[in-house]
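Below: the structure, in structure tokens.
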Amino acid sequence: MRLTALSGKEKWRDRGFAALFVIGLWVILAICFDFYYDLNDDSAMKDILSGAYTGTPDGHTIQMLYPLGWLVSLFYRLLPAIPWYGIFLCGSQFLALWIVVYSVSASLRSKTGKLTAQCLITAAAGILFLYEWIFVQYTVTAGLLACGALVRLCMGPSPGEARFYRYHIVTVCLIVLAFFLRTEMLLLLCPFLALAAFLRVADQWKADQTEKKTAVSKAAIQTVKGYALLAVATGILMMAGLAADKAAYGSAQWNAFRQFFDDRTRVYDFYGIPAYEEHRAFYDSIGLSEAQYTLLDNYNFDLDDAIDAGMMHEIAEYAASHQGMGIFRRLYESVYAYGYRFLHGEELIFDLFAVASYFFLIRAALATKNRLLLGKITLLFGLRSALWLFLLYRGRMVARVTHPLYLMELTMLGFYFLSGAAVFQWKKLEKSAILSLYVILLLCTAFSQVQTVRGQYAQREAVNVQWQSWKQYCRKRPENYYYLDVYSSVAYSEKMFSDTGPGYRNFDLAGGWCVKSPLAARKREQAGLESAQSALLAGNAFFVADHTKPERSPDFLLAFYRQKGTEIVIEETDRCGCFTVFQIVGAAAKQ
């Protein structure tokens, strides 16, 4: 199925109706909920971009490529009171949905079919990804942008048509934007984009065979050339973005921090920190004491400058070499986990839609002896299996990564339905039964998703009262500076479109996302601090922890400073809700 040639009036009508459905979904969500940053990662990026972290908007967000970060930070410089990062993320998500809805409807001829498709796609996207629309995460946003590009590749004009390159300007922009936003996510999804282009070439080859051409036709060559040129143009823009990013992070300080950041990610997200007693000999060899290990274990490693890029790299390499299984064992475990997750319904909602789609497509392909469709299904299943096994092998199965994978797979399956509908030979009763099954699945999913989102939303609303009180507490005391215990703050999140003032925040995490970076150094300099360790000991900064959680007691600081040669006393000076403010005082000075 391809995008049909429409008159100007028809194009605007399809675009307008698609926009109405998407805007309608946004209005419903906005009325029922506020939009949240799902994770602290996005909140940290927002703080950097807006200037809340260092006092000045900055494009060095560490994760997204610098050209995109610089552009968003520029808007904050021009109009600082507007939540530009939130607007960008939400706008990108709903733009991607609009592109999908419009592209599919434009490929249909009847007005009834267009409206039905627009309604169903909007409803399905709104229900299946309800959590992602409300609790926004930049990784998922990159996945949605890639999905928009996938639909345009599947349903766009053929390379032989004059409008081919003009049409795919938007496609290239979507891919590049996703790459700039979350490079790893786009690269993971690139095989789906390549598959879509390959299938267009296969369709052209099949058409040549149907016309009994004995050699590769000019049209087939032109198809390969067209998609190759798109790939080259996309690759050039990606490389340009990477080059600009490398230049922006080219200083020795940024290079050291990026190495530290990557190794820290390996340790905390993939390998885990080797237990101290079991691996004491290793820690002694790198000069890491038990007190310092405690800082690593509770994520407050910014308190010790000795835990630097070199030490973190040694820990990451050591942890990687002690995973306890070889390559073949890990492959076996990955294959086993692949089957286990499916059979035990780890992500049942998406699996049900995928299984039902594969079943109906395979049944139709066998009934019509459509070997090309069977080949397409096999390729898609092989691709999805390879990507899942890759993730399982790496041990990184989080929803913000797996859900975009499901999104791309379901989109490809939907394209198979649309492109093969004319030859499936389904009877009217069969079509009604299939549609009814999907509607029932959507209704069940809607009930489940609404319950999940409402529960998560209510929990965040209740918990974040403490966080809002804490931020107000800090605003009223601009002369002070606070270091927060990391695990005392992980339960909190922030709304995207409220409390958006760009005012500088006079607190930082004692081991957060940005610590050890040039940004953190600039933040300390602005506060007149040399380091977290010396600032706390000199009384120039306060340590803050959640007193409702006994395990978050700051007593670990006693052993840490003792190991550094100083006996201290920890005094409680104030409270703000569940947060307790502590002052570190040298025992000698106390006497």
**Prompt:** Which one of the conditions (1) hydrophobic (A, V, I, L, M, F, W, C); (2) open to solvent by 40 Å² or more (accessible area, probe 1.4 Å); (3) modelled with pLDDT of 85 or more does LEU199 fail to meet, given that it meets all the rest?
**Reply:** (2)
**Request:** Please identify the pairs in which a residue from region 17-32 that is over 13 Å from LEU115 (Cβ atoms) and in contact (Cβ under 8 Å) with a residue 24 or more places away in the chain has its Cβ atom under 7 Å from the Cβ atom of a residue that is part of a helix (DSSP H, G or I) and open to solvent by 30 Å² or more (accessible area, probe 1.4 Å), counting only partners at least 6 apart or on another chain.
**Result:** ALA19/TRP98; VAL22/TRP98
**Filter pass, GLY503 being in a loop (DSSP other than H, G, I, E, B), buried (at least 19 other Cβ atoms within 10 Å of the Cβ) and not charged (D, E, K, R)** = no
**Item:** Near pairs, Cβ below 8 angstrom, 6+ apart or cross-chain, from region 233-248 (free of Cβ contacts under 8 Å to residues at least 24 places away in the same chain and over 17 Å from ILE175 (Cβ atoms)) to any residue that is of a type in the set (Val, Ile, Thr) and open to solvent by less than 30 Å² (accessible area, probe 1.4 Å)
**Value:** none
**Request:** Please give the number of the condition TRP470 fails out of (1) open to solvent by 70 Å² or more (accessible area, probe 1.4 Å); (2) assigned to a helix (DSSP H, G or I).
**Result:** (1)
**Filter result (of a type in the set (D, E, K, R), more than 17 Å from LEU79 (Cβ to Cβ) and touching a helix residue (DSSP H, G or I) at 6+ places or on another chain (Cβ under 7 Å)) within region 30-65** = ASP42
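Among the residues that make up region 515-524, is at least one of them more than 16 Å from ASP297 (Cα to Cα) and modelled with pLDDT under 90?
Narrowing region 515-524 to residues more than 16 Å from ASP297 (Cα to Cα): 516-524.
Next, from what is left, pick out any that are modelled with pLDDT under 90: none.
Scanning region 515-524, I find no residue that is more than 16 Å from ASP297 (Cα to Cα) and modelled with pLDDT under 90, so the answer is no.
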**Prompt:** When you scan region 481-497, how many residues do you find that are among the small types (Gly, Ala, Ser) and open to solvent by 50 Å² or more (accessible area, probe 1.4 Å)?
**Reply:** 1
**Complete:** When every residue in region 152-170 that is open to solvent by less than 10 Å² (accessible area, probe 1.4 Å) and within 30 Å of the chain's Cα centre (by Cα) is compared, the one modelled with the highest pLDDT is HIS168
**Request:** Would you please name the residue that is nearest to the chain's Cα centre (by Cα), looking only at residues in region 87-103 that are modelled with pLDDT of 95 or more and among the small types (Gly, Ala, Ser)?
**Result:** SER92
**Prompt:** Residue check, GLY501 against (1) more than 19 Å from ASN300 (Cα to Cα); (2) at pLDDT 90 or above; (3) over 24 Å from the mean Cα position of the chain (by Cα), all met but one. Which one?
**Reply:** (2)
**Request:** Test SER50 against the criterion of being of a type in the set (S, T, N, Q), in contact with a Gly (Cβ under 8 Å, 6 or more places away or on another chain) and buried (at least 20 other Cβ atoms within 10 Å of the Cβ), and give yes or no.
**Result:** no
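Tell me, yes or no, whether region 514-529 has at least one residue that is without any contact (Cβ under 8 Å) to a residue 60 or more places away in the chain and more than 19 Å from ALA52 (Cα to Cα).
The first filter runs over region 514-529 and keeps only residues without any contact (Cβ under 8 Å) to a residue 60 or more places away in the chain, leaving 524-525, 527-529.
Those still in the list that are more than 19 Å from ALA52 (Cα to Cα) too: none.
No: region 514-529 contains no residue that is without any contact (Cβ under 8 Å) to a residue 60 or more places away in the chain and more than 19 Å from ALA52 (Cα to Cα).
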**Scope region 386-401; condition open to solvent by less than 40 Å² (accessible area, probe 1.4 Å) and under 19 Å from ALA146 (Cβ atoms); matching residues** = LEU387, TRP388, LEU391, VAL398, VAL401
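Here is a check on your reading of the model: is LEU29 at pLDDT 90 or above, open to solvent by less than 20 Å² (accessible area, probe 1.4 Å), assigned to a helix (DSSP H, G or I) and aliphatic (A, V, I, L, M)?
On the way: at pLDDT 90 or above: yes; open to solvent by less than 20 Å² (accessible area, probe 1.4 Å): yes; assigned to a helix (DSSP H, G or I): yes; aliphatic (A, V, I, L, M): yes.
The answer is yes for LEU29.
Every residue, every condition in (1) basic (Lys, Arg); (2) in contact with a strand residue (DSSP E or B) (Cβ under 9 Å, 6 or more places away or on another chain); (3) at pLDDT below 95; (4) over 28 Å from LYS516 (Cα atoms), yes or no:
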position: TRP205; (1), (2), (3), (4): no, no, yes, yes
position: LYS225; (1), (2), (3), (4): yes, no, yes, yes
position: VAL232; (1), (2), (3), (4): no, no, no, yes
position: LYS246; (1), (2), (3), (4): yes, no, no, no
position: THR265; (1), (2), (3), (4): no, no, yes, no
position: PRO274; (1), (2), (3), (4): no, no, yes, no
position: ARG280; (1), (2), (3), (4): yes, no, yes, no
position: ASP304; (1), (2), (3), (4): no, no, yes, no
position: ASP308; (1), (2), (3), (4): no, no, yes, no
**Prompt:** Which of (1) surrounded by fewer than 22 Cβ atoms within 10 Å (Cβ to Cβ); (2) closer than 26 Å to GLU184 by Cα; (3) not polar (S, T, N, Q) is the odd one out, the single condition ILE82 does not satisfy?
**Reply:** (2)
**Request:** State which residue pairs qualify: first residue farther than 14 Å from LEU441 by Cα and without any contact (Cβ under 8 Å) to a residue 12 or more places away in the chain and inside region 118-129, second residue open to solvent by less than 30 Å² (accessible area, probe 1.4 Å) and in a helix (DSSP H, G or I) in any location, beta carbons under 7 Å apart, and separation of 6 or more residues or different chains.
**Result:** none
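Of all residues in region 93-123, count the ones that are out of contact with any Gly (no Cβ under 9 Å at 6 or more places or on another chain) and not basic (Lys, Arg). If you could, list the steps in order and put the result at the bottom.
First pass over region 93-123, keeping only residues out of contact with any Gly (no Cβ under 9 Å at 6 or more places or on another chain): 93-94, 101-102, 106-120, 123.
After this cut, where a residue has to be not basic (Lys, Arg) as well, the list is 93-94, 101-102, 106-108, 110, 112-113, 115-120, 123.
Number of matching residues: 17.
The values are calculated or read from the model by the stated rules, or taken from the named source; none is laboratory data. Since the structure is predicted, the reported quantities are computational estimates derived from the model, not experimental observations. Counting neighbours? That spans all protein chains shown, and the Cβs are built from the backbone with ideal geometry, glycine included. Quick note on the areas: whole protein, heavy atoms, side chains included, nothing else; ligands and nucleic acids left out. Shrake-Rupley method; radii C 1.70, N 1.55, O 1.52, S 1.80 Å.
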